[in-house]
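The values are calculated or read from the model by the stated rules, or taken from the named source; none is laboratory data. The model shown is predicted, which means the values in this text are computed figures rather than measured ones. Every residue, glycine among them, receives a Cβ derived from its backbone with ideal geometry; neighbour counts consider all protein chains shown. Just the protein is used for accessible areas: all its heavy atoms, side chains included, with ligands, DNA and RNA removed. Shrake-Rupley method; radii C 1.70, N 1.55, O 1.52, S 1.80 Å.
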Amino acid sequence: MSDIQGMFEIGDTLVSLDLAERFFCCNIDACKGACCIEGDEGAPITQEEYEKLKQVLPVVWDDLLPRAQDQIEESGVGYLDPEGELVTQIVDGKNCVFSTYLPGGVCICAIDKAYREGKLDWRKPISCYLYPVRVKKFQTFTAVNYDRWKICKSAEVMGRKSKMRLYEFLKEPLIERFGEEWYQELEANCQLYIKTYLED
């Protein structure tokens, strides 16, 4: 196990111990999909994902909020945030323009909804799929961190009840982003860390 100042070192990535220490399992009935609503910026996207968002617009258009449709027509699907990072467009200063609402007020991603309905072969931008983990590239390494936020408290409670750790909950998106071999090393590190430091 490689543990450098509170991080796992896997290849050129430094991974927060939170992925092993924290329990997590989304409880959308409790949070109502707040991660698609709260905040003052859109979700990080790559240039390739920006182009993909434009391509899928016709498929998801009817599920988008009318004011989101207006915002996209006026400003496009993404913009550069104050740090110069490309992010998804937002509406009303908070909602991702690709959010949609189910009966009962639960907010979900319109792209993910179309994927689950078999209308698209792309689930959503990887930063959204990985959430609440955020990935940030630096000059010599890539940081993988848990974005601690009060809106995910219900997910931590549910994760503890189901005994699901954050790295387990995010297995599929972590594999999509970093690969199977990388995830297997993360899993081995997490299991050894839990056994060594967290179990009585």
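Residue ranking by accessible heavy-atom surface, 1.4 Å probe, largest first, among Leu65, Leu166 comes out as Leu65, Leu166.
Placing +1 on the Cβ of every Lys and Arg and -1 on the Cβ of every Asp and Glu, with nothing else charged, gives region 1-100 a dipole about its Cα centre of roughly 300 debye.
Angle between the Cα long axis of helix 180-193 and the longest principal axis of the chain, 0 to 90 degrees, nearest 10? Once rounded, one gets 50 degrees.
Packing, as the average of other Cβ atoms within 10 Å across residues, places the peptides 92-98, 178-184, 25-31 in the order 92-98, 25-31, 178-184, highest first.
Region 21-88 and region 97-131 have Cα centres spaced 9 Å apart. Using a probe of 1.4 angstrom and keeping all protein chains present, the accessible surface of the chain works out to 56 square angstrom per residue.
Straight Cα distances below 26 angstrom link Lys94 to the lysines Lys32, Lys52, Lys54, Lys113, Lys124, Lys136, Lys137, Lys150, Lys153, with same-chain residues fewer than 8 positions distant left out.
Farthest towards the positive end of the charge dipole of the chain, among the residues Ala43, Tyr193, Phe138, is the Cα of Tyr193, using unit charges on the Cβ of Lys, Arg, Asp and Glu.
So how much accessible area does Met158 have, in Å² to the nearest 10, using a 1.4 Å probe? So the heavy atoms of Met158 present about 70 Å² to solvent.
For Rg and Dmax of the Cα atoms in Å, the value computed from the atomic coordinates appears in the list (i) 26.4, 110; (ii) 18.9, 56; (iii) 17.6, 57 under label (iii). A cut-off under 14 angstrom between Cβ atoms defines the neighbours of Tyr146, and their net charge, with Lys, Arg +1 and Asp, Glu -1, is +2. Ranking of Lys119, Lys195, Lys171, Lys150 by solvent-accessible surface, largest first: Lys150, Lys195, Lys119, Lys171 (1.4 Å probe, protein heavy atoms only, all chains present). When nucleic acids and ligands are ignored and a 1.4 Å probe is applied, Ser75 ends up with an accessible area of around 50 Å². Only helices enter the 222 nm calculation for the chain: every DSSP H run of n ≥ 4 contributes -39,500 (n - 2.57), and dividing by all residues gives -10500 deg cm²/dmol, rounded to 500.
For region 45-200, the dipole from Cβ point charges (+1 on Lys and Arg, -1 on Asp and Glu) about the Cα centre works out to 600 debye, to the nearest 20. Beta bridges assigned by DSSP with both partners in region 1-153 are antiparallel in approximately 85 percent of cases.
Here the accessible area of region 56-175 is 50 percent carbon and sulfur, with a 1.4 angstrom probe and all protein chains present. Only protein heavy atoms count here; on that basis, with a 1.4 Å probe, Thr46 has an accessible area of about 70 Å². Normalised by the number of residues in the chain, the average gap of Cα pairs under 8 Å and 6 or more apart makes the relative contact order 33 percent.
Taking the C-alpha atoms only, the angle from helix 153-162 to the longest principal axis of the chain is near 50 degrees.
The accessible-area ordering, largest first, of the residues Cys152, Cys36 stands as Cys36, Cys152, per a 1.4 angstrom probe. How far, in degrees from 0 to 90, does helix 47-60 lean away from the longest principal axis of the Cα atoms of the chain, to the nearest 10? It is inclined by approximately 50 degrees. Within the shell of other residues whose beta carbon sits under 14 angstrom from the beta carbon of Glu156, the net charge comes to +4, with Lys and Arg scored +1 and Asp and Glu -1.
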